[in-house]
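Q: There's a structure below that I have some questions on.
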């Protein structure tokens, strides 16, 4: 079990909290490009911060504070009949109240109601973050200084197959979701009557965990079958699922909206040979969609598989922020205990001005492949 202070440090995501400082040291996905229409700014909450995401008239991405520095009016999309509050300009976003214009760096560029020749705008700047579209997601770096690399994990970066990106919303603290990712012992029990209900998974596994350069690896062993899962700092998991041959790859990022709400971003990738027939390609895609959209496809961006909803039940039923002072961990929880230790160490490294685990700097820009996940 953890003490109350330790639990707070792991779960709270504000800029002064230990976990909040660590999460801000990495890129995090914050939206799917389809959510951001060309002339419609999008309200974003990430790590407890209220932001506005937009594309300028020239197509550049911007991510700034959602509040105008003038009198605090929102810059993001409005509600009701006023569907757009902030107004997109060629080089930024204008407040709908008095037209103050902000560039993607947060600098105020224009104040239409001020006297001609006024330089007052030069003194005004709102918060702004670096934002980038890559691997089918829009990413943000909410930290300070030069950003690291976005890890080019195979499930996100490969082009020799079919990829589908989806999202899920969790009504609980992000760290409950992260601990679920390093807990392979639950699969046999929780995920009955799903694609996991096969001879390969019907035995409770032995579980091992080991630190890696990117994060940690859990190894679950069953008779004649060993499966590895790669946890990538700060909140990612690379898993392979043997449901659709030659193997379904998944990269899964857990992003706190705030302390009690979480969004997960999933990249599903099916490798496909060049000579695959069109019928076989369609069959594999249909199998993937049947797995992801078991409970319907009203909005294809949000999947509703039996597996994901079972995981959501397990995590959300622990409470908005689970009380780890009351837990009783066993030997099968080695992934959970190792992740907690590595996060504490990463926070210490960051606070000491060193590069924390999994933060890629000056690394070769090559696809990170995990071919040993089965």
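Q: Quick one: residue 320 ticks every box in (1) in the same structural domain as residue 212 (by TED's automatic domain parsing); (2) at pLDDT 95 or above; (3) buried (at least 16 other Cβ atoms within 10 Å of the Cβ); (4) under 24 Å from residue 44 (Cβ atoms) except a single one, so which number is it?
A: (3)
Q: Sort out which residues of region 323-332 are part of a helix (DSSP H, G or I) and surrounded by fewer than 19 Cβ atoms within 10 Å (Cβ to Cβ), and write them in order of number.
A: Answer for region 323-332, where residues must be part of a helix (DSSP H, G or I) and surrounded by fewer than 19 Cβ atoms within 10 Å (Cβ to Cβ): 325, 326, 331, 332.
Q: Any residue at all in region 339-360 that is farther than 25 Å from residue 7 by Cα and in contact (Cβ under 8 Å) with a residue 24 or more places away in the chain?
A: Yes - at least one qualifying residue is present in region 339-360.
Q: Then there is this: Taking residue 355, is it closer than 22 Å to residue 21 by Cα, at pLDDT 95 or above, loosely packed, with under 15 Cβ neighbours inside 10 Å and out of contact with any strand residue (DSSP E or B) (no Cβ under 6 Å at 6 or more places or on another chain)?
A: yes
Q: If you don't mind, there's one more thing I want to ask. If you take the residues in region 26-55 that are part of a loop (DSSP other than H, G, I, E, B) and modelled with pLDDT under 95, which one is nearest to the chain's Cα centre (by Cα)?
A: 36
Q: Condition first: in contact (Cβ under 8 Å) with a residue 24 or more places away in the chain and surrounded by fewer than 18 Cβ atoms within 10 Å (Cβ to Cβ). Can you find one or more residues in region 168-180 that meet it?
A: Residues of region 168-180 that are in contact (Cβ under 8 Å) with a residue 24 or more places away in the chain, as a first pass: 168-180.
Still in the list and also surrounded by fewer than 18 Cβ atoms within 10 Å (Cβ to Cβ): 169, 171.
Within region 168-180 (the criterion being in contact (Cβ under 8 Å) with a residue 24 or more places away in the chain and surrounded by fewer than 18 Cβ atoms within 10 Å (Cβ to Cβ)), the answer is yes, since at least one residue qualifies.
Q: For region 187-199, which positions are loosely packed, with under 15 Cβ neighbours inside 10 Å and either under 21 Å from residue 153 (Cβ atoms) or touching a residue at least 40 places away in the same chain (Cβ under 8 Å) (or both)?
A: Selection gives 193 alone.
Q: Across region 171-194, which residue is farthest from residue 48 (Cα to Cα) among those that are modelled with pLDDT under 95 and touching a helix residue (DSSP H, G or I) at 6+ places or on another chain (Cβ under 6 Å)?
A: 194
The values are calculated or read from the model by the stated rules, or taken from the named source; none is laboratory data. What you are looking at is a predicted structure, and each value in this text was computed from that prediction instead of being measured. All Cβ positions, even for glycine, are placed from backbone atoms using ideal geometry, and neighbour counts span all protein chains on display.
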